[in-house]
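What follows is one structure encoded as structure tokens, with my remarks underneath.
Laboratory data are not the source of any read-out in this text; all were calculated from the coordinates shown. In this text, all values refer to a predicted model and were calculated from it rather than measured experimentally. We place every Cβ from the backbone using ideal geometry, glycine too, and count neighbours over all the protein chains shown.
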Amino acid sequence: MFPFFRLWFGLLARCFRSHHALLLENLALRQQLAVLKPCSTKTKTSQSKTPPDGQALLGPGPPVLGRLEKVAPGRHSRNCGALASCRISALSALLELDRVKKQVRRKRLSKEIRNLIFRMVAENPTWGAPRIHGELLMLDFDVSERSISRWMKRAPKDPELAQRWQAFVRNHRDAIAAMDFFTVPTVTFQLLYCFFIISHERRQILHVNVTRHATSTWIAQQLREAFPYESAPRFLLFDHDQKYGLEVPAALRSLQITAVQTPIQSPW
């Protein structure tokens, strides 16, 4: 019963231990296992013996190593050199960890550099992080490309661009329409192709029809029925569906409609 409570008490104590102490304990345990592992070879290698006073030269070690030295008390005098090397390796690993942490810690960019990045992003929308990084290096600013990429995402948006796009849509939405398809499965596991044309001015459905076989000839006929008596819009948007073929662009030209195809795999 006593070993059980001792195990739980040890686990509870490890919860309140710092990360450096746990790292040091893991390194010491690995070194102890390497020292206490029996040699499988037949030849006995000569081990360099360190005097017991050699530990005093190393200074007081961490309390974790002091407890781990009690694992094999009978071999303490024989493994004094191994324990000393364990201390040295553990302390060097701890110092190396602190050095790496100091190097990894990033310095915050000054306000001047941040404003310069924001200005380059606003005045040159096509520039990426590599181009801005090169420009800053030529100005003797030592900034990493990753930091530039991170601050480019925080650049304030230009409200003038949104206003210009809204003004364009407001002035030309009455001359823009769009057509597309969507499919509807039936009870008999067939597909119906629903064709529709929508106006961008009021988002009004101008024409809709359903067919089982959507061909370019059928689509051209739907366009003639949707825009009779010179009521066709100036622009008609549609995607790169193969169903349109060559007859649909020809029908649009006969109706004096400018065909505008969206980019491939465009989300809008």
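Below is a table of values for the structure above.
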read-out	value
Residues of region 162-207 classified as of a type outside the set (Gly, Ala, Ser) and under 15 Å from residue 238 (Cβ atoms), total	14
Strands (runs of 3 or more DSSP E) enclosed by region 193-261 - at least 2 residues per element that are in contact with a strand residue (DSSP E or B) (Cβ under 9 Å, 6 or more places away or on another chain) and surrounded by fewer than 16 Cβ atoms within 10 Å (Cβ to Cβ)	205-211, 258-261
Qualifying residue in region 176-187 (condition: exposed (fewer than 15 other Cβ atoms within 10 Å of the Cβ), touching a residue at least 12 places away in the same chain (Cβ under 8 Å) and part of a helix (DSSP H, G or I))	no
